[in-house]
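The values are calculated or read from the model by the stated rules, or taken from the named source; none is laboratory data. As the structure is a prediction and not an experimental result, all values here were calculated from the model. Here the Cβ positions follow ideal geometry from the backbone for every residue, glycine too, while neighbour counts run over all protein chains shown. SASA here: full protein model, heavy atoms, side chains in, ligands and nucleic acids out. Shrake-Rupley method; radii C 1.70, N 1.55, O 1.52, S 1.80 Å.
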Amino acid sequence: MRKERQPASGLPSDRHQYIRQQLLQHGRVLAGELAATLGVSEDSIRRDLRELAANGVCQRVYGGAIALRPIDTSFEQRRHEHPVRKARLAATAVRQLRPGQFVFLDGGTTNLEIARALPADLPLTVATNAIPIAAELFGKKQLEVLVLGGSLNHKSGDTAGTIATRMLQSMHPDICFLGTCSVDRELGVGTVMAEEAAFKRMLVEQCGQTILAVTNEKLDTASPFAVAPLGDIGLLIAEPDADPVRLSHLSAGGVPVLLAD
């Protein structure tokens with residue numbers, strides 16, 4: 001963590017603001033470094049981190065804390081955010097595919113861009129539980145498309161529940177592009193809804209290789225519900241301007257990292 005200008009006073013409210021800034025900028029903080037920078041005891045910092053965690057700002061881990069991703073906005077809102085950045089990730093993602101593979105496209109706006117980027121001359125079998133992605137695949141005649149049924153979540157655009165789970169149990173895709181809300185070296189991949197997390201856990205188990213294509217703001221952050229440890233991810237595709245420190249945290253966790261072109 002790079003040192004920043006410390007608060008003018010030693011009041012807890014000032015420390016909290018400083019810690020929030022560090023989490024926003026770096027994704028994680030270390031209690032020892034904060035104590036040295038702010039000139040207070042580590043006990044005081046641990047107390048600050050407990051209070052911030054209780055307010056949903058961060059998630060405590062050994063030695064410090066990790067930024068907690070806010071509860072996700074709806075799919076319709078997110079699909080209009082950073083389209084150029086997501087399209088760049090998608091272009092790199094589709095180059096990982098080979099003719100004849102069985103691919104699962106999990107829900108998410110970056111995965112929607114992957115669906116859009118699939119080449120017209122690449123024959124694949126593609127399964128998805130995301131209605132917007134299924135709609136994007138309509139008319140791509142080189143694809144055999146399988147759509148999982150179940151209860152529709154109007155916020156995420158995904159299907160879930162017993163029907164979707166049973167259909168997934170009968171599938172063994174070669175590759176899945178996993179949708180995620182956060183990714184961290186210690187906490188792994190996370191999401192904001194319990195039922196969604198359960199489905200994603202099974203998806204990782206059923207697939208030969210799991211790939212994450214993630215925008216910068218998801219790196220070194222945490223979510224309320226765990227999906228998979230970092231060791232279960234076969235490849236992480238990151239933006240070319242991703243923070244190298246955050247990427248080094250993830251590489252140290254054992255996941256190969258590929259920068260989008």
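See the values below:
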quantity: Stretchable slack from residue 202 to residue 217, in nm (0.36 nm times residue separation minus alpha-carbon distance); calculated: 2.9 nm
quantity: Share antiparallel - DSSP beta bridges, the chain, percent rounded to 5; calculated: 40 percent
quantity: Rounded to whole Hz, the Karplus (6.51, -1.76, 1.60) HN-Hα couplings of segment 210-218, x for glycine and proline; calculated: 10, 10, 10, 10, 10, 7, 4, 5, 8
quantity: Mean Cα-pair separation over length for segment 93-202, i.e. relative contact order, pairs under 8 Å, 6 or more apart, %; calculated: 26 percent
quantity: Cβ-placed point charges (K, R +1; D, E -1), dipole of the chain about Cα centre in debye, nearest 20; calculated: 160 debye
quantity: Carbon/sulfur fraction of accessible area - the chain, other protein chains in place, 1.4 Å, %; calculated: 53 percent
quantity: Rounded to 10°, Cα long-axis angle of helix 194-206 versus longest principal axis of the chain; calculated: 60 degrees
quantity: Too-long pairs where the Cα-Cα distance tops 23 Å, listed order kept, from 141/200; 155/200; 141/218; calculated: 141/200; 141/218
quantity: Residues of the chain: accessible area per residue with a 1.4 Å probe, Å²; calculated: 46 Å²
quantity: Whole-number percent relative contact order across segment 11-56, with pairs defined as alpha carbons under 8 Å at least 6 apart; calculated: 33 percent
quantity: Length-normalised contact order for the chain - Cα pairs under 8 Å, 6+ apart - percent; calculated: 16 percent
quantity: Projected area, mean over directions - segment 88-219, Cα convex hull, nm²; calculated: 7.5 nm²
quantity: Difference of contour (0.36 nm per residue) and Cα-Cα distance, residue 151 to residue 243; calculated: 29.3 nm
quantity: Projected area, mean over directions - the chain, Cα convex hull, nm²; calculated: 13.8 nm²
quantity: Residue of 54, 134, 93 that the Gaussian network model of the chain assigns the largest fluctuation, springs spanning Cα pairs under 10 Å; calculated: 54
quantity: Residue 50-residue 25 FRET efficiency (beta carbon distance; Förster radius 22 Å; 0.05 resolution); calculated: 0.55
quantity: Cys with no candidate disulfide partner in the chain (beta-carbon separation under 4.7 Å rule); calculated: 58, 181
quantity: Residue 60 accessible area, assembled protein chains, probe 1.4 Å, Å²; calculated: 100 Å²
